[in-house]
1. Do we find a residue being within 15 Å of the chain's Cα centre (by Cα) and modelled with pLDDT under 90 anywhere in region 108-119?
2. Just need a number here: residues in region 81-97 that are surrounded by fewer than 22 Cβ atoms within 10 Å (Cβ to Cβ) and touching a residue at least 40 places away in the same chain (Cβ under 8 Å).
3. Select, from Tyr61, Tyr72, Tyr50, the only residue that is outside any helix (DSSP H, G or I), among the aromatic types (Phe, Trp, Tyr), under 23 Å from Asn115 (Cβ atoms) and modelled with pLDDT of 90 or more.
4. Which ones in region 1-28 are surrounded by 10 or more Cβ atoms within 10 Å (Cβ to Cβ) and either modelled with pLDDT under 75 or assigned to a helix (DSSP H, G or I) (or both)?
5. Take Lys206 and decide whether it is over 19 Å from the mean Cα position of the chain (by Cα), surrounded by 12 or more Cβ atoms within 10 Å (Cβ to Cβ) and at pLDDT 70 or above.
6. Which condition number does Arg79 fail, the rest of (1) closer than 24 Å to Glu186 by Cβ; (2) not in a loop (DSSP other than H, G, I, E, B) being met?
7. Would you mind finding the one in Asn184, Asn157 that is of a type outside the set (Phe, Trp, Tyr) and either modelled with pLDDT of 75 or more or under 30 Å from the mean Cα position of the chain (by Cα) (or both)?
8. Is it the case, given these coordinates, that Asn151 is surrounded by 15 or more Cβ atoms within 10 Å (Cβ to Cβ) and either modelled with pLDDT under 50 or farther than 15 Å from Asn76 by Cα (or both)?
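The values are calculated or read from the model by the stated rules, or taken from the named source; none is laboratory data. A quick note: this is a predicted structure, and the numbers were derived from the prediction, not measured. We place every Cβ from the backbone using ideal geometry, glycine too, and count neighbours over all the protein chains shown.
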Amino acid sequence: MERYISNNTNRNQISLIPMSLDEMISEDNIVRVLDAFVGSLNLNEFGFKYATTKATGRKPYNPADMLKLYLYGYFNGIRTSRKLESECKRNIELMWLIQELKPDYRTIADFRKNNISLLKNIFKHFSFLCNDLGLLGKEIVAIDGSKFRANNARKKNLTKGKIEKMLAHFEQAAQRYLELLENNDENDTSSTSSTISYNKEEIQEKLANATQRIHD
């Protein structure tokens, strides 16, 4: 008799009590900080494209949602527009963060190109906030090459000079990350039209062939 840990879940079973996305995101998840951070910004004052919409024409994506997507990618080291597009379709944190929107990679890349100087400035201040909360992302540290002690103790010792030094480091990290995105997008030779897909029967056939080769 086989005895393994299992939750006995049937993938095809319809749940009578569906779980909301919010229930899947813990209270201390970084995306809640990110959501609150973007919500505190006046994107009109920053000058983001489409921060004010027109009465006619095609509806654009809300720059607040696109900014959340890019900040999430920055914090987690997602370095191409195609990967950001893919994460929107499978990543529960991003589904919660941008309310299940699924912009394509061209839209994602265009948002960066249209707002690149603004993104650099916001990345810088978001890094400072994360550092202050002790949440500095590994990707930011890896790009920037500098580590700072989180300043969430009772006695903070932040002088004007230290703040300026930290902001300068985070600005350089933001600049390098944006350059990585630009270079990686340019070098990304994959395309949606060349994506290989298989139906269930084809997958079963290939699995059978692979299994046979293993046993031969």
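1. no
2. Matching residues across region 81-97 total 5.
3. Matching residue, one of Tyr61, Tyr72, Tyr50: Tyr61.
4. Those that are surrounded by 10 or more Cβ atoms within 10 Å (Cβ to Cβ) and either modelled with pLDDT under 75 or assigned to a helix (DSSP H, G or I) (or both): Leu21, Met24.
5. Details: over 19 Å from the mean Cα position of the chain (by Cα): yes; surrounded by 12 or more Cβ atoms within 10 Å (Cβ to Cβ): no; at pLDDT 70 or above: yes.
No.
6. (2)
7. Numbers: Asn157 fails: either modelled with pLDDT of 75 or more or under 30 Å from the mean Cα position of the chain (by Cα) (or both).
Answer to the check: Asn184.
8. yes
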